[in-house]
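The values are calculated or read from the model by the stated rules, or taken from the named source; none is laboratory data. These numbers were taken from a predicted model, which means no experiment stands behind them. Here Cβ is always computed from backbone atoms with ideal geometry, including for glycine, and neighbour counts include all displayed protein chains.
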Amino acid sequence: MATNGRPRYVEIAEHLRAVVAEGAAGDRLPSDAELCDRFAVSRMTARQAVATLEAEGLLYRRRGQGTFVAARPVPRRLGSPLSFTENLRRRGLVVTSRLLAAGWLDPDPEDVVALGLAPGERAVVVERLRLADCEPMAIERAVLSPSLAPVLDTDLGVGSLHAAMEALGRLPTRADACVSARLADAHERRLLEQHGASGVLLCERRVISDQHGVPLEHTEIRYVAERYVFEAVVTREEQG
């Protein structure tokens, strides 16, 4: 049944938006049963309203626990050399990492081209789960120039990878990046605490160079899509 020409689920969705706007990430929202009682609607109608906001990334469900306010998406400038750590710290978030892998590897052809490696030359890899306020945000896999091997001696579970580079006199200065989207696999969903169809990733691939234009890293960052929004600045070139 509609009210003032609007479906009831739309009315409920607007109510939930107001609750979300006033709440904080992780706040519990009314259950389907509570919405049914308040608005005198069927459970199907209540679920339709909740599903609408879930699709918009404003809330999330945990089976057996309830419905909660989702974290606000974090803006990130596409192609910015700003590190994950610095980007989130500037927004007042506490950044931590869980080290998944660190050491030497035989780079794939894309890494060789991106880093300008010689045939047969090995590279350094650092893979971490990145968290903000204890919430998983992204899986970051950085393949580094072999000249950056000393970063393996730093505490990569706590410190910033870019800060370790700067300590070696290599300042991350330019980033060339592209972004795509895909479904997360089971391993990624487990690490990022995603469930079902919500496990969509934004994959940012970028090559970062130092102050002299020498490539430092070839990185793939797999973000939780609902927790990130990418920004870009586009200017019109003058016509000749």
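Summary table
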quantity: Looking only at the stretch 172-206, and only at residues there that are in contact (Cβ under 8 Å) with a residue 24 or more places away in the chain and part of a helix (DSSP H, G or I), the one that is nearest to the chain's Cα centre (by Cα); calculated: Leu192
quantity: Cross-chain or 6+ apart pairs with Cβ under 9 Å, the stretch 106-118 first and at negative phi, then surrounded by 18 or more Cβ atoms within 10 Å (Cβ to Cβ) and among the charged types (D, E, K, R); calculated: Ala114/Glu217; Leu115/Glu217; Leu117/Asp111
quantity: Selected residue (criterion: modelled with the highest pLDDT) from residues of the stretch 59-111 that are surrounded by 15 or more Cβ atoms within 10 Å (Cβ to Cβ) and among the aromatic types (Phe, Trp, Tyr); calculated: Phe68
quantity: Test set (1) without any contact (Cβ under 8 Å) to a residue 24 or more places away in the chain; (2) assigned to a helix (DSSP H, G or I); (3) surrounded by fewer than 19 Cβ atoms within 10 Å (Cβ to Cβ) - Leu152 fails condition number; calculated: (1)
quantity: Arg141 vs. criteria among the charged types (D, E, K, R) and either modelled with pLDDT of 95 or more or in a helix (DSSP H, G or I) (or both); calculated: yes
quantity: Residues of the stretch 1-14 satisfying the condition of being surrounded by 13 or more Cβ atoms within 10 Å (Cβ to Cβ) and either farther than 18 Å from Ala70 by Cβ or in contact (Cβ under 8 Å) with a residue 24 or more places away in the chain (or both); calculated: Pro7, Arg8, Tyr9, Val10, Glu11, Ile12, Ala13
quantity: Filtered residues of the stretch 172-213 (kept if loosely packed, with under 14 Cβ neighbours inside 10 Å and within 20 Å of Ser160 (Cβ to Cβ)); calculated: Gln211
quantity: Subset of the stretch 112-135 that is closer than 17 Å to Arg222 by Cβ and at pLDDT below 95 - its residue that is surrounded by the fewest Cβ atoms within 10 Å (Cβ to Cβ); calculated: Glu135
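Yes/no matrix, rows are residues, columns are (1) modelled with pLDDT of 90 or more; (2) not aromatic (Phe, Trp, Tyr):
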| position | (1), (2) |
| --- | --- |
| Arg190 | yes, yes |
| Gln194 | no, yes |
| His212 | yes, yes |
| Thr219 | yes, yes |
| Tyr223 | no, no |
| Arg227 | no, yes |
| Thr235 | no, yes |
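So that you can scan it fast, the table gives a plain yes or no per residue for (1) over 21 Å from the mean Cα position of the chain (by Cα); (2) of a type outside the set (A, V, I, L, M, F, W, C); (3) in the same structural domain as Ile208 (by TED's automatic domain parsing):
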position: Glu135; (1), (2), (3): no, yes, yes
position: Ala138; (1), (2), (3): no, no, yes
position: Ser145; (1), (2), (3): yes, yes, yes
position: Pro150; (1), (2), (3): yes, yes, yes
position: Asp153; (1), (2), (3): yes, yes, yes
position: Gly157; (1), (2), (3): no, yes, yes
position: Leu161; (1), (2), (3): no, no, yes
position: Met165; (1), (2), (3): yes, no, yes
position: Arg170; (1), (2), (3): yes, yes, yes
